[in-house]
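> Input: one structure, supplied below.
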């Protein structure tokens, strides 16, 4: 298996301007401006302080970000992470304890809503709750007693 | 005996600072929800719906709504303002602070997740917030809200966590005590005048889970 290149920007480094590249990057320092790693993973380490618009394939936030975040695959805000800005990605996970203020846009690429059952359709209250995954498509109704 | 010696040698060491652990949230098991499916159904009709969440950010909810509805969610944690005003003893400032965090653009939102925010507000603030929410709601938009039916002091904040398309669980966190403003069903209907109450269910927790829809 080929090892993936990973570049680290240390705690004492301060960058003002545009940062772009084609390697995975971990930032523990400060960056102001714009970060663009369209095909790679960007990790904002626990010491990282970012004031920038960020574009990457996967973005992991463990430090502080002020600015909008766009990922083509996913954004992962860890419990030590803090984001003030708008997030756009097909998948977003936010850990308990993380700080987040802004909006999250999870529109699927080229797709539309999953399409839940219409509000005036057949009542759905008789479906059992147990053994149902917390995510995934809404299953079809099954005749069963109320789980309440 | 060995333990006693250990204790003695430890007590001879300089006293270390005591670590105060953060308050432990109390989590309840998941319960069935009759109203949540109505919310999902209403939003499932929209393409890329816009949801305004007035509670604290809950990762599970973001992931759930995002995966189910491919939506846009804006989080404005009004409980943060409520707690700050309660701690500072400035309840009069609360109304203004809450409205400052709610968008103003008319007919711009498909759903508002209020959770139980109204329980923590006085009557004028409840009315002002309800007016704003009705104003920003799109036609066919919905408001999902919980009302406590039992009077008394609120000493916790409750996080509602979506545990599936028809299930919720709650997690409570300590709060600066506030008096609950109980609203009877008639008051609730007046508060959201102009909207249609699609479903309202009294839960075992003495909380009424309700969904309103804008015609």
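FYI, it's all coordinate maths here, none of it is from the lab. Model, not experiment: these values are computed from the prediction. Backbone-built Cβ (ideal geometry, glycine too); neighbour counts: all protein chains shown.
> Rounded to the nearest 0.05, what FRET efficiency do residue B:27 and residue A:18 give with R0 = 51 Å and r taken as the Cβ-Cβ distance? Could you check?
So, using R0 = 51 Å, E works out to roughly 0.70.
> Nearest 5 percent is fine: what portion of the DSSP beta bridges confined to the stretch B:35-213 is antiparallel?
65
> Quick one: Kirkwood hydrodynamic radius for the stretch B:93-215, alpha-carbon pairs, angstrom, one decimal? Walk me through the numbers on the way to the answer.
On the way: mean 1/r = 0.0666 Å⁻¹.
With all distinct Cα pairs of the stretch B:93-215 included, I get 15.0 Å.
> Largest first, please: the extent of the C-alpha atoms of chain B along each principal axis, to the nearest Å.
Extents along the principal axes: 76, 39, 32 Å.
> Shifting gears a bit: Only counting other Cβ atoms within 10 Å, I'd like B:72, B:150 sorted with the fewest neighbours first.
Details: B:72 21, B:150 10.
Ordered by Cβ neighbours within 10 Å, fewest first: B:150, B:72.
> Using the 10 angstrom Cβ neighbour count as an exposure proxy, how do A:76, A:86, A:96, B:53 rank, fewest first?
A:96, A:86, A:76, B:53
> Mind jotting down the three principal axis lengths of the stretch A:1-46 based on Cα atoms? Whole angstrom, largest first.
Here the spans come out as 35, 19, 13 Å, largest first.
> If all Cα-Cα distances of the stretch B:135-181 are sorted into 5 Å bins from 0 onward, what percent lands in each bin, rounded to whole numbers?
5, 15, 17, 21, 16, 16, 8, 1
> Pop a pseudo-label 7 angstrom from the Cα along the beta-carbon direction at both residue B:47 and residue A:38 and give the gap in nm to one decimal.
So the two model labels end up 2.6 nm from each other.
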